[in-house]
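Reviewing the structure listed below.
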Amino acid sequence: AVVSTQSTGRQALPAFREKLAAFRKRYADCLSKEGGYAGKCLHRLQHLAEYTNTPDPKQEAIWKKKRLDKILVDYFLRNSYYDTALDMVKSLGIQDIVDTELFISGRDIEKSLAAHNVQLCLQWCHENRSRLKKTRSTLEFNLHTQCFIEKIRAKDYLGAIQYAQRYLVESEGMCKEKLQETMVLLAFKPTTECSKYKALFSEDRWEELVLEFRASNYHLHHLHSESLLSTVLQSGLSAIKTHQCYSSEKSGDCPVCNEPLNSLATPLPFSHCTQSRLICRISGKPMNEHNAPMMLPNGNVYGEEALTEMMATDGILTCPRTNEKFWLDQAYKVYVM
């Protein structure tokens, strides 16, 4: 019995060594990744510290330019301009403060989904299953659902049923209603005109899978769904957005009054202004006691300085909004109480 136990132990030893070697390799990979992440955190902290330790205005301008480059690279990566983003990172040397690896690794998966191939994405789901489960993600279920739909499209009904039994039934608790809707597809043809099931057969579902993977990838790595560029622009636009920006009388000098920023600012709140200022439409200067507001006979108001300059040019005042012509003595001062 002792000899038999020793023999069994010797036979199990090679398998144990292989498992130990695999564990050691995984440990080394994890250690290497953590070292890389720690190094990036250090570089980013140093980058932020540079701003507080730069009294020189020129150095401050350089820091702000570097920050803007980071924001632009983030925008390019999020919108699939990978070559442009990588060229910027390489030429500017900002690889330590941007997440290029995260987006590049996701690019291959997005390409495979666009090519109607779910294998890479399913592998990604398997590697991150525990984290996806905590967020109650339905990405893996939707991928298997798409495979099920493709089998029905190919008229492989038996294969579709077997696939559903193997991969979809285990997700019944989380996606019971979706599973029921999906199984009903066995009774429909891909050319059905029933709107509910026509949408499930639609090729647009592949694009939806790309967007869902992208959102899951961002969520897993604690990235916001909006790009930094969009966030920065919106924070600035909300500070200057007024009701006039969406009226018929828009200003050509106002960023919010012009597209595409006008559309970007649509969901934002209007700025909270406790004090208003009158701005001359011609010169863009404030109208106050030094530049009195003057009203023309047609009711339009401009600054006295702009009207005086216009009068000195051709002797006649031409309203830039209506092209009507007036003399200077026809304009009246406006007093704001």
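Some points to look at:
- Within the range 311-328, considering residues that are open to solvent by less than 50 Å² (accessible area, probe 1.4 Å) and not aromatic (Phe, Trp, Tyr), the one modelled with the highest pLDDT: Cys319
- For Asn79, the criteria (1) surrounded by fewer than 16 Cβ atoms within 10 Å (Cβ to Cβ); (2) touching a His at 6+ places or on another chain (Cβ under 9 Å) hold in every case but one, which is (2).
- Cys194 being under 20 Å from Leu139 (Cα atoms) and either modelled with pLDDT under 90 or out of contact with any strand residue (DSSP E or B) (no Cβ under 7 Å at 6 or more places or on another chain) (or both): no
- When Pro297, Pro320 are screened for being more than 22 Å from Gly252 (Cβ to Cβ), part of a loop (DSSP other than H, G, I, E, B) and not hydroxyl-bearing (Ser, Thr, Tyr), only Pro297 passes.
- All positions within the range 55-76 that are open to solvent by 90 Å² or more (accessible area, probe 1.4 Å) and closer than 15 Å to Arg44 by Cα: Lys64
- Filtering Ser283, Ser225, Ser230 for residues that are of a type outside the set (Lys, Arg) and in contact with a Gly (Cβ under 6 Å, 6 or more places away or on another chain) leaves a single hit, Ser283.
- Considering residues of the range 163-176 that are of a type outside the set (S, T, N, Q) and under 30 Å from the mean Cα position of the chain (by Cα) only, the residue surrounded by the most Cβ atoms within 10 Å (Cβ to Cβ): Cys175
- Residue that is nearest to the chain's Cα centre (by Cα) [pool: residues in the range 90-110 that are in contact (Cβ under 8 Å) with a residue 12 or more places away in the chain and open to solvent by 70 Å² or more (accessible area, probe 1.4 Å)]: Asp108
- Within this structure, Arg131 fails the test of being on the phi > 0 side of the Ramachandran plot, among the basic types (Lys, Arg) and open to solvent by 10 Å² or more (accessible area, probe 1.4 Å).
- Qualifying positions in the range 194-222 - in a loop (DSSP other than H, G, I, E, B) and either surrounded by 17 or more Cβ atoms within 10 Å (Cβ to Cβ) or without any contact (Cβ under 8 Å) to a residue 40 or more places away in the chain (or both): Cys194, Ser202, Glu203, His222
- Residue within the range 111-118 that is touching a Pro at 6+ places or on another chain (Cβ under 7 Å), under 30 Å from Glu181 (Cα atoms) and either in contact (Cβ under 8 Å) with a residue 24 or more places away in the chain or assigned to a helix (DSSP H, G or I) (or both) present: no
- Residue that is surrounded by 13 or more Cβ atoms within 10 Å (Cβ to Cβ), assigned to a helix (DSSP H, G or I), in contact with a helix residue (DSSP H, G or I) (Cβ under 8 Å, 6 or more places away or on another chain) and of a type in the set (Gly, Ala, Ser), where the choices are Ser238, Ser230: Ser230
- Qualifying residue in the range 301-310 (condition: surrounded by 12 or more Cβ atoms within 10 Å (Cβ to Cβ), touching a Cys at 6+ places or on another chain (Cβ under 7 Å) and not small (Gly, Ala, Ser)): yes
The values are calculated or read from the model by the stated rules, or taken from the named source; none is laboratory data. Here the structure is a predicted model, which means the values were calculated and not measured. No Cβ is skipped: glycine too gets one built from the backbone with ideal geometry, and neighbour counts run over all protein chains shown. Only protein heavy atoms, including side chains, enter the accessible area calculation; ligands, DNA and RNA are left aside. Shrake-Rupley method; radii C 1.70, N 1.55, O 1.52, S 1.80 Å.
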